[in-house]
Structure formats: structure tokens, C-alpha cells
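Below: the structure, in C-alpha cells.
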Amino acid sequence: NAGVTQTPKFRILKIGQSMTLQCAQDMNHNYMYWYRQDPGMGLKLIYYSVGAGITDKGEVPNGYNVSRSTTEDFPLRLELAAPSQTSVYFCASSYSRGGDTEAFFGQGTRLTVV
Amino acid sequence: QKEVEQNSGPLSVPEGAIASLNCTYSDRVSQSFFWYRQYSGKSPELIMSIYSNGDKEDGRFTAQLNKASQYVSLLIRDSQPSDSATYLCAVPNQAGTALIFGKGTTLSVSS
């Protein structure tokens, strides 16, 4: 049972480069989320989606874009990487509304922008 | 914007002691509260959820909720070195569609 799968696990980007962080879940969850975690900090919500075709901004959306064309996939796009985007990125999913039920997290993507 | 406050620690306790972790939140409408555990370099995992005032026990873990005081706590009895981790408190956002996390409290249990 794979759960939430994120790729890649590690990535080094140069300033100004772009990349897409992939996230896929096989639990048929409608709700999906992207969080970032800086050292010593909690998780900050970047974007979330309540179903295919529906996305919304979280606490820290600037510099990121998302799309949700299928229930399974929720990629996160960085268009012009900046050092401030160095962080660990977690994708998560839940069966129902994020405030009501358990969120299952992927293993994370550690991104460094140099 | 909701705020979730936790003492970052580190909180150090000897093996077998009770560890007490605290969390306060800024609004009065939250109905759900969650505690996640995160080992170093790993992803968060849910250990407790609580929805009503009072205590909820699950094995060595007890969550306590006081909505009037906007306060939720996690007690870990008979602490073990394997409990050493960061504990994250989470509450729903204003729309109830995602979770807002505190910065986490790092617990260290010494043997």
C-alpha cells in the first residue's frame, strides 16, 4: 500500500531554475495539500485542493503554482527558484475535509536552492 | 489568521517520567485538534485527535482539551527514548479545509 508518494526525495536547484515536485496518492482521497517546513519551524500550508480541478491558496502561496487534473495527482510547480524556497516540502492527503480527519503525509522532498 | 503556539523546547525528561506538551490557539471556533509526531528527517504522523472538552486516552498518550481556555495538551506517560521526537499541534484553518500547525515541541527522553 503506497499511500502518498513524493518525487524526487532530494533536489538542488540553481537560482532562477524551475521544477515540479510530484505527489501521487492511491487512497482515493479528495483532499490534498502541500506544506513546507523550514528548520525549527512547523508546517506552513502552501496550497490545497478539495478535489480534481479545484485548488486554493494556503498561508504561503507566493512563488508556487499547483494543478489538480486527477484525484490521484497534485504537482507543485516552482517557476523561478529563490534561496528562500530552500525547505522540505511535504504533500499530504485526507479522506474528507482537512479539519475533520487524519492527514497522511508523503516522505518529503528536500529542496536546496543555490 | 489563526495562530497555534507551542513551546519549542527542547523538553527533556528521564525515561519513565511523564512528558507534558502544551498548545494554545487563537480562535474560539475550532472543533478539532490534532497531535502529530515527527521523528527527525521523517514525515509527520497522527498520534491523537480530540474533538470535545476533557481527556482522551490512547495507551500511554492522553490529550486534554479546554476550549474555554483555548488550550490543548498532550501527556505521555512512562516516556521512552523512542518517544524522542518533535510533537506538532494542529487545528483546522478558518474554512475547515486544511490544518494549521504550530512550530512543534522537541521532546528528548533520556535513558
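Where a number appears in this text, it was derived from the coordinates with a stated rule and is not lab data. Remember, it's a predicted structure, so these values are computed and weren't measured experimentally. Neighbour counts are summed over all protein chains in view; Cβ atoms, including those assigned to glycine, are modelled from backbone coordinates with ideal geometry.
Mind jotting down the distance between the C-alpha centroids of the stretch A:89-104 and the stretch B:1-67, whole Å?
Each part's Cα centre sits 17 Å from the other's.
If you bin every alpha carbon distance in the protein assembly as shown into 10 Å steps from zero, what whole percent lands in each bin?
All Cα pairs, binned at 10 Å, distribute as 8, 33, 35, 19, 5, 0 percent.
Got a sec? How would A:Ser49, B:Ser40 order by Cβ neighbour count within 10 Å, fewest to most?
B:Ser40, A:Ser49
What share of Cα pairs, in percent, lie more than 14 angstrom apart in the stretch A:7-83?
The share of Cα pairs beyond 14 Å in the stretch A:7-83 comes to 63 percent.
Which ordering of B:Asp83, B:Asp78 is given by a fewest-first count of other beta-carbon atoms within 10 Å?
Arranged by neighbour count, lowest to highest, B:Asp83, B:Asp78 become B:Asp78, B:Asp83.
Relative contact order, percent, of chain A when contacts are C-alpha pairs under 8 Å separated by at least 6 residues?
Worked out over chain A, it gives 36 percent.
Starting from the Cα of B:Asp27, step 7 Å along the direction of its Cβ; do the same at A:Thr112; then give the gap between the two resulting points in nm.
3.9
Over chain B, what is the mean sequence separation of C-alpha contacts under 8 Å (at least six apart), divided by residue count, expressed as relative contact order in percent?
Once divided by the residue count of chain B, the mean separation gives 38 percent.
How high is the FRET efficiency from A:Lys57 to B:Gln80, r the C-beta distance, R0 41 Å, rounded to 0.05?
Step by step, r from the Cβ atoms, then E = 0.55.
Count the lysine pairs in the protein assembly as shown whose Cα atoms lie under 20 Å apart, taking only pairs 8 or more positions apart in sequence or on different chains.
So the count works out to 11.
What average count of beta carbons from other chains do you get within 10 Å of the Cβ of residues in A:42-49?
5
Mind checking Rg over Rh on chain B, alpha carbons, Kirkwood formula for Rh?
That ratio equals 0.96.
Taking 0.36 nm per intervening residue step and subtracting the Cα-Cα distance, what contour gain separates A:Thr101 from A:Thr7 on full extension?
Stretched fully, the A:Thr101-A:Thr7 segment lengthens by 31.4 nm.
Per-residue Cβ counts within 10 Å, from other chains only, averaged over B:43-52: what number is that?
4
To the nearest 0.05, what FRET efficiency results for A:Ser69 and B:Ser111 with a Förster distance of 41 Å applied to their C-beta separation?
0.25
Pick out which of A:Ser93, A:Ser18, A:Ser67 has the largest mean-square fluctuation in a Gaussian network model of chain A, springs linking Cα atoms closer than 10 Å.
A:Ser18
Tell me, B:Val109, A:Val66 in order of fewest to most beta-carbon neighbours within 10 Å?
B:Val109, A:Val66
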